[in-house]
1. Using only protein heavy atoms and a 1.4 Å probe, report how much of R143 is accessible, in Å² to the nearest 10.
2. How far is it, in nm, from the label point at L181 to the one at T61 when both lie 7 Å from their Cα along the line to the Cβ?
3. With every protein chain left in place and a probe of 1.4 Å, what is the accessible surface of I151, to the nearest 10 Å²?
4. Classify region 156-203 from the C-alpha gyration tensor, please: rounded if a/c falls under 1.5, else prolate or oblate depending on whether a/b exceeds b/c.
5. Between V6 and T124, what is the FRET efficiency for a Förster distance of 30 Å, r being their Cβ-Cβ separation, to the nearest 0.05?
6. So what does D131 come to for accessible area, using a 1.4 Å probe and Å² rounded to 10?
7. Across region 155-170, in residue order, what do the Karplus-derived ³J(HN,Hα) couplings come to in whole Hz, using 6.51 cos²θ - 1.76 cosθ + 1.60 with θ = phi - 60° and x for Gly and Pro?
8. Please report, as a whole percent, how much of the solvent-accessible surface of the chain comes from carbon and sulfur atoms (probe radius 1.4 Å).
Amino acid sequence: MALIDVIELPGQRSGDLVTRVPEQGAGQFTMGSQLIVREGQAAVFFRDGKALDVFGPGRYTISTNNLPVLGGLTGVFFGGRTPFTAEVYFVSTREFNDLKWGTSQPLVFRDAEFGMVRLRAFGTYAMRVADPGLFVQQVVGARGAYSTGQIEDYLRSVIVTEFNDMLGSVKVSLLDLPGQLSDISAAMRNSLGDSFQRLGLDLTSFQVSAIT
């Protein structure tokens, strides 16, 4: 296993949330390795399945000052450059917008005039990773890479479940629903906030585009 002296990810594809270095297995780094984190990134060090620390944009020299959990290692036989195994997850912290959600199956809405009506709804939302360490632990796991496409199905199910509950509490006529889209969108964003935060995500905007 070759020693990695410079730890960096020069560019992530537009839909990439997380990329691990190395992509498979553990990497062998040394005290004194250079970590380069670019704008719009955070780097999370993992060792033995635990997050050691999260680094924001900047250039760092890995030492026991910024990774104190490695303080038990001794560099006497390596000239102060003790090798250690770890994984580094580069997390994109930029906002991912224009993500889509929608109901795959019709939802039942009880209307005072029309009775039980089947509705479909769709819209867009935007989010970003607010807690990189929590996101890697809760969602990414040991994957070498993770994209928005991989989490959209799960988030869509969370959104649709909450939207179904929201419909049950809406006390307006079916004919008045189109005029309530802005209020419903704001209420949905508020109610979904905790679900996203538990994953280390921040729901920055939410829009119900249409209810049909």
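The values are calculated or read from the model by the stated rules, or taken from the named source; none is laboratory data. All of these numbers come straight from a predicted model, not from anything done at the bench. So basically every Cβ, Gly included, is an ideal-geometry build from the backbone, and we count neighbours across all protein chains shown. We work out accessible area using only protein heavy atoms, side chains counted, and drop any ligands, DNA or RNA first. Shrake-Rupley method; radii C 1.70, N 1.55, O 1.52, S 1.80 Å.
1. The accessible area of R143 comes to roughly 110 Å².
2. So the label points at L181 and T61 sit 5.7 nm apart.
3. About 0 Å², ignoring ligands and nucleic acids.
4. Prolate.
5. Numbers: r = 38 Å, r/R0 = 1.28.
That gives a FRET efficiency of 0.20.
6. 70 Å²
7. 5, 4, 5, 4, 5, 5, 4, 5, 5, 4, 5, 5, 4, x, 9, 6
8. Details: 5290 of 10840 Å².
After summing per-atom areas, the C and S share lands at 49 percent.
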